[in-house]
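Student: Let me give you the structure first, and then I'll get to my questions.
A short reminder: the numbers here are calculations on the coordinates, not readings from a lab. Values in this document were obtained by computation on a predicted structure and should not be read as measured data. Every residue, glycine among them, receives a Cβ derived from its backbone with ideal geometry; neighbour counts consider all protein chains shown.
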Amino acid sequence: MSARIATWLMNALAVPTVVLNLGAGIVGGVWLAIAGEWGLIGWGLLLAIGGPFILAIPMLVSLLFAGPSVAFLASGRSVLGFLFGGASLLYTIGLVATWCVLALASFLTTAKEHVFIPAALFAYASATAPLVYMASKEGDNDATLMTLFFSQAGLTVMLITLLIGRNLPVALASFMIVVVVGAVIQLLEAWRRIVSPGFKDLL
């Protein structure tokens, strides 16, 4: 049931998410250009374009868990398959979350006060662009789409928190809460599908 709710939210928020991604990049970029902050614009473009290459190598580590997971599932050992698959999932979520936080922090720690808002908007677009691109290359992969969705949702909440209160610890906490909720939902769904198909209606 939790995964169904998450899927419904993903579908319902698909268009607003696309609008936010494009709008944040355009508005933030134009605003920064008017303010003459070309260094921040260049850094954002570097993150957006170079992000897939930066993330590609550490993403390979997840295969160390995904490979055994597939082998265990093929041999009927569902619990071990779930454990290794869950480890692969949690590693990927942790890597994506780290990328999002570092990308946003690299902007906001150097942005001047008068361009804080456009810098935050452009940082959001720069952080999510590589994730969207990489997810598009994997097709209809539920785990990838849900990881992307909750990362974007967490960044959105973090961005709103920063714009309202400029309190970084609170913003980070809000981001982590959303990401952790997403991870729990994905693990529950994996357990339902792999280990306990008979508990489908309970989850």
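Student: Taking region 71-81, which residues are in a helix (DSSP H, G or I) and loosely packed, with under 14 Cβ neighbours inside 10 Å?
Tutor: Matches in region 71-81: A71, A74, V79.
Student: Mind listing whichever residues of region 36-54 are surrounded by fewer than 17 Cβ atoms within 10 Å (Cβ to Cβ) and part of a helix (DSSP H, G or I)?
Tutor: Selection gives W38, G39, G42, L45, L46, I49, G50, P52, F53, I54.
Student: Please state which of the following conditions P68 fails to meet, knowing it meets all the rest: (1) part of a helix (DSSP H, G or I); (2) under 18 Å from the mean Cα position of the chain (by Cα).
Tutor: It fails just one condition, (2).
Student: Under 6 Å by Cβ, and 6 or more places apart or on different chains, what pairs join a residue from region 107-123 that is of a type outside the set (A, V, I, L, M, F, W, C) with one that is part of a helix (DSSP H, G or I)?
Tutor: P118/G28; P118/W31; P118/L32
Student: Another question about this same structure. For region 82-89, does any single residue satisfy the condition of being small (G, A, S), outside any helix (DSSP H, G or I) and more than 16 Å from the chain's Cα centre (by Cα)?
Tutor: Checked against the condition, which is being small (G, A, S), outside any helix (DSSP H, G or I) and more than 16 Å from the chain's Cα centre (by Cα), region 82-89 yields no hits at all.
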